[in-house]
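**Q** Have a look at this one.
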Amino acid sequence: MLKRLILLLMISLFSTSFVNADDDFISHYEYGQMLYSYPRGVSCVECHGESGEGKVIAEFRDIHSKQQIIGPDIRQITLEKMIQALNDYHDIMPRYYLTDEEIKTIHDFLQEKYKRMNAKRK
Ligand code: HEC
């Protein structure tokens, strides 16, 4: 029990020093993954999926038919579009306060992850 606590403490100390340390400690890819998951607001994963592939956020039925609210696939979106989308107000998607550099890091992460997943499939 105590061992586990100490381990947890070490991990949390470690991870904070990681974030503040040189860029070398945490790769650009990992930093992008972190920002995508914890963007100072609701996680992008909640609505766009682990890899930006998109997902169904909610389903409901109105008098006519079944309706879906979808977080779109954002894997192929240009950086310009992503910057624009994150700085805009939307009906469903919240507004974020990320710098262009942070948005680029998220964008790079999604591009790289997409590439890696495709490479694995071949
Ligand atoms: C609560 C759900 C939700 C969250 C959280 C969310 N989004 Fe979205 N996003 C949407 C929806 C829905 C749209 C479609 C536009 C709209 O209706 O808001 C969208 C649109 C976008 C678009 C534009 C897509 C296009 O085709 O033009 C981008 C890029 C995007 N989101 C990226 C992100 C990133 C990056 C994050 C995290 C920082 C994020 N979103 C968080 C729901 C979400």
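**Q** Check 78, 105, 99 and return the single one that is modelled with pLDDT of 95 or more and buried (at least 16 other Cβ atoms within 10 Å of the Cβ).
**A** Result of the check over 78, 105, 99: 105.
**Q** Does residue 33 qualify as being touching a strand residue (DSSP E or B) at 6+ places or on another chain (Cβ under 8 Å) and either at pLDDT below 95 or more than 9 Å from the ligand (Cβ to nearest atom) (or both)?
**A** no
**Q** While we're on this one: Which numbered condition trips up residue 46, out of (1) surrounded by 16 or more Cβ atoms within 10 Å (Cβ to Cβ); (2) near the ligand (Cβ under 6 Å from one of its atoms)?
**A** Only one criterion is unmet by residue 46, namely (1).
**Q** Does segment 102-118 contain at least one residue that is more than 15 Å from the chain's Cα centre (by Cα), more than 8 Å from the ligand (Cβ to nearest atom) and either outside any helix (DSSP H, G or I) or among the basic types (Lys, Arg) (or both)?
**A** Yes, segment 102-118 contains a residue that is more than 15 Å from the chain's Cα centre (by Cα), more than 8 Å from the ligand (Cβ to nearest atom) and either outside any helix (DSSP H, G or I) or among the basic types (Lys, Arg) (or both).
**Q** When both residues are 6+ apart or on different chains and their Cβ atoms are under 9 Å apart, which pairs have a first residue that lies in segment 110-122 and is acidic (Asp, Glu), and a second that is part of a loop (DSSP other than H, G, I, E, B) and surrounded by 15 or more Cβ atoms within 10 Å (Cβ to Cβ)?
**A** Qualifying pairs under 9 Å: none.
**Q** Inspect all residues belonging to segment 38-49 and state whether any of them is basic (Lys, Arg), on the phi > 0 side of the Ramachandran plot and either touching a residue at least 60 places away in the same chain (Cβ under 8 Å) or not in a strand (DSSP E or B) (or both).
**A** Of segment 38-49, the ones basic (Lys, Arg) are 40.
Those still in the list that are on the phi > 0 side of the Ramachandran plot too: 40.
Still in the running and either touching a residue at least 60 places away in the same chain (Cβ under 8 Å) or not in a strand (DSSP E or B) (or both): 40.
Yes: segment 38-49 contains one or more residues that are basic (Lys, Arg), on the phi > 0 side of the Ramachandran plot and either touching a residue at least 60 places away in the same chain (Cβ under 8 Å) or not in a strand (DSSP E or B) (or both).
**Q** Please go through segment 66-101 and pick out each residue that is among the basic types (Lys, Arg) and either in a strand (DSSP E or B) or touching a residue at least 60 places away in the same chain (Cβ under 8 Å) (or both). I'd like the intermediate steps shown before the answer.
**A** Applying the first criterion (among the basic types (Lys, Arg)) to segment 66-101 yields 66, 75, 81, 95.
Residue satisfying the conditions is 66 alone.
**Q** Still on this structure, please answer the following. What are the residues in segment 54-92 that are more than 16 Å from the chain's Cα centre (by Cα) and of a type in the set (Ser, Thr, Tyr), if any?
**A** 65, 89
**Q** Taking the options 66, 55, 81, name whichever one is among the charged types (D, E, K, R) and near the ligand (Cβ under 7 Å from one of its atoms).
**A** Only one candidate passes the filter, namely 81.
**Q** Now, a different point. Name the single residue, out of those in segment 1-30 being modelled with pLDDT under 55 and under 20 Å from the mean Cα position of the chain (by Cα), that is surrounded by the most Cβ atoms within 10 Å (Cβ to Cβ).
**A** 18
The values are calculated or read from the model by the stated rules, or taken from the named source; none is laboratory data. All of these numbers come straight from a predicted model, not from anything done at the bench. So basically every Cβ, Gly included, is an ideal-geometry build from the backbone, and we count neighbours across all protein chains shown.
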